[in-house]
Amino acid sequence: MTLKRQLFIASLLMLLIPWAGLQFVLELDEALRAQAAIQLQNQAERVAGFVAEHSATNEAIEPGTEVIYADILSRPLNLDGYGDDWPGYDEEESRPQWQDTGRVQSNGPARVSWQAAVDRNHLFLLIQVSGRKAVAFDPGNPEQPYDQIQLDLTSGGETVQRVIRTQAPGSINAIDPGRDSATDYRISGYWQAVSNGYQAELRVPRPDPSARFGFQVTWPGTDANASDDDIVSTGPESARIVTRLPELESRLEAMIAPGQGAWVLEPDGWVIARKAREPDQDKPEFDSLSPFQILERISLNGLRALVRFYQPEPLPLDNDSHRIGAEELPSRGLVRHRDGDTYMLVKHPLTDGRVLVLEESLDQLLALSGSTLGSVIARSVPLITGLMLVLLGYASWLSWRITRLQRAVSNSIDDDGRVLGALPPAKAKDELGDLSRQFSHMTERLQGYTDYLESFSRRLSHELKTPVAVVRSSLENLSHTTDPADQASYIERARSATDRLSQILQGMSEAARLEQSFDHAEKETFDLADVAAQTTHAYQSLDPEHKIEYSGPAKGCPCHGSPELLVQLLDKLVDNARDFTPAGGRIEVRLKPGPKQLELSVFNEGSSLPENLSSDIFSPFVSVRTGKEEGHLGQGLLIVRLIAEHHNGQVLATNEPGGVRFTVVLPAPA
């Protein structure tokens, strides 16, 4: 799996933050709903006592009683036979507000529907007859059946009857059939022909709340000349006028909080009071929102949609209807209005059989206690999405850098393992930059080691070529001579050559044995000053031909390492110095302590080093000796370098006035 994919999967774990927040919001929403239901129930009990007190003057409507429900007018009506200025009249949307008798099965598809409204003094009726055309009243033949509307008002045990008939569409007035069809101008209206029927818009004096009012729409049966027994009559004969009570609604409004609504229902579900208060939420104009605020609101709406998804399924409720079946409502639960808003609803029965319904918006609940948390979670979603994209981009960048480093490393070595060149320099100062520099350093060391192996083979071949040639020539000459003196000479030359070969092999094995001994050498902390001083004193006693001196502190230079190996290092350096120091010359062993390192050096008087050998002199088979020492193997300084590197140090060779100084730099113990 690539690094990019690993970081992408790891970044997905950050989604646990909004998920945990969502779980908390869901738990908070459940707790809020439970608490809101309890508070609403307690509030409903308080409001119920008030409603029972103020509705005692209005007798409850018994179940099964015929009812004509009347809206309260907020503006005067124009009596023109049309319902476009009636409250709630909006074609399809208005159909639920109509009351009707259903299809009159005994006489075709005719239907009678009506709406009612009241103001302070009048009752208004909009009666619609559909499925038939009106038969007008014929003054020349008054006995002929015709379409008419009969109004009945019963109050105080007395019944008043009026009849509405017309000769043609237009203005109408009621007549009193008990007074020789005298015109009652208190009842007026307009008769209008409409598609598939006719409408009558009437204005009637408003009956008392305790009175009963009804109307019957009658028309002749299938035979226009039929008798009275074939007359069709339908409509509410004796109904109670039910309307909302403004005083009760005014008091309800004072007892509910913003975001709440309340209804008072008759036993049969007729609404006699309905009041709702809008939530106190400032909704800024869209143009005034910043892009981040727009994104936050979109996220918050998404969060609310998720909360609604996990909520119990609300019960659909037509909150604008004139009649709501109280038995269909839950005692405590969620309902959804026609506009899609969800509310917490409770109902409480009243002593007279009426029902109080109280509800509160769930959006208001979230606004009261969860909006801040919801905003935090809504903000975290785009933030985490952005962080994931940043991490994905960062992972792609890291992957590109690693791939580039991999290609550089692959291109620096061929299929045979030969180093082709150094890695490009890295400028980054992070871990990948350090890794690239380490790879570059490793490649350089591999290149150096490869060069060393190649030069080693050349030098070894060169060192072995001379003694092998001497042995071969001596043996060939020996086979061609019989002179004992010559034979002895050739045998001596062959023996010298084999001794040389033995020295070469011994020198190679010495360096190899030294490197193997590193694995078993135990390091300890010791005083390097004491070791250097005592060793120098021993050198002076063994070599009176040279002046071997120690320069540095006698004690107090702790060093962590192997004292035996460091004594061997000094042996090689002093032996090398003695070979190049003339008789009576000075050899100085100096120890210079520092805060982070110790410098142990050996200076000898004599000739300087060639400039081109200052770094190669520590390689095997490198020697600058001349004359009788020309055959020296040059393994001593190699051993010095190996011991210094084993102690995490380094060795340097520098020319100084009058001689050469070899310096070993060792780290001071922490």
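The values are calculated or read from the model by the stated rules, or taken from the named source; none is laboratory data. Note that the coordinates shown come from a computational prediction; the quantities given were computed from them, not determined experimentally. Counting neighbours? That spans all protein chains shown, and the Cβs are built from the backbone with ideal geometry, glycine included.
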Problem - Residue list for the range 107-141, filter: assigned to a loop (DSSP other than H, G, I, E, B) and among the charged types (D, E, K, R) - result: 119, 120, 132, 133, 138
Fill in the blank from the handout: The residue from 183, 159, 166 that alone is of a type in the set (Ser, Thr, Tyr), more than 20 Å from residue 85 (Cα to Cα), surrounded by 18 or more Cβ atoms within 10 Å (Cβ to Cβ) and modelled with pLDDT of 90 or more is 166
Completion exercise
Of those in the range 21-36 that are within 25 Å of the chain's Cα centre (by Cα) and surrounded by 14 or more Cβ atoms within 10 Å (Cβ to Cβ), the residue nearest to residue 312 (Cα to Cα) is 30
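Within the range 513-563, track down each residue that is in a helix (DSSP H, G or I) and small (Gly, Ala, Ser). I'd like the intermediate steps shown before the answer.
Of the range 513-563, the ones in a helix (DSSP H, G or I) are 513-517, 528-542, 563.
Result: 517, 529, 532, 533, 538, 541.
Of the residues 134, 174, 182, which is closer than 30 Å to residue 245 by Cα and touching a strand residue (DSSP E or B) at 6+ places or on another chain (Cβ under 6 Å)?
Numbers: 134 fails: closer than 30 Å to residue 245 by Cα; 182 fails: closer than 30 Å to residue 245 by Cα.
So the residue among 134, 174, 182 that is closer than 30 Å to residue 245 by Cα and touching a strand residue (DSSP E or B) at 6+ places or on another chain (Cβ under 6 Å) is 174.
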Practice task
Being surrounded by 15 or more Cβ atoms within 10 Å (Cβ to Cβ), among the β-branched types (Val, Ile, Thr) and in a loop (DSSP other than H, G, I, E, B) is the filter; apply it to the range 37-82 and report the residue that is nearest to the chain's Cα centre (by Cα).
Solution key: 61
Exercise for the section: Please verify whether the range 224-231 includes one or more residues that are part of a strand (DSSP E or B) and modelled with pLDDT under 85. Expected result: yes
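Do we find that residue 212 is closer than 30 Å to residue 53 by Cβ, more than 60 Å from the chain's Cα centre (by Cα) and not assigned by TED's automatic domain parsing to the domain that holds residue 318 in this structure? Write out each step before concluding.
Working: closer than 30 Å to residue 53 by Cβ: yes; more than 60 Å from the chain's Cα centre (by Cα): yes; not assigned by TED's automatic domain parsing to the domain that holds residue 318: yes.
Here the answer is yes, as residue 212 does meet what is asked.
For the range 158-212, which positions are part of a loop (DSSP other than H, G, I, E, B) and touching a Phe, Trp or Tyr at 6+ places or on another chain (Cβ under 9 Å)? Walk me through how you get there before you give the answer.
First pass over the range 158-212, keeping only residues part of a loop (DSSP other than H, G, I, E, B): 165-169, 180-181, 195-196, 206-211.
Result: 165, 166, 167, 168, 169, 207.
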Handout entry: Odd one out for residue 55, checked against (1) at pLDDT 85 or above; (2) under 21 Å from residue 210 (Cα atoms)
Key = (1)
Problem - Subset tally (residues that are surrounded by fewer than 22 Cβ atoms within 10 Å (Cβ to Cβ) and under 13 Å from residue 659 (Cβ atoms)) for the range 580-602 - result: 7
Exercise for the section: Scan the range 147-157 for residues that are assigned to a strand (DSSP E or B) and within 25 Å of residue 208 (Cβ to Cβ) and jot them down. Expected result: 149, 150, 151, 152, 153, 154, 155
Problem - Scan of the range 245-269 for residues that are β-branched (Val, Ile, Thr) and part of a loop (DSSP other than H, G, I, E, B), ordered by number - result: 256
Practice task
Return a yes/no flag: does the range 513-531 have any residue that is assigned by TED's automatic domain parsing to the domain that holds residue 553, within 30 Å of residue 582 (Cα to Cα), surrounded by fewer than 15 Cβ atoms within 10 Å (Cβ to Cβ) and modelled with pLDDT of 85 or more.
Solution key: no
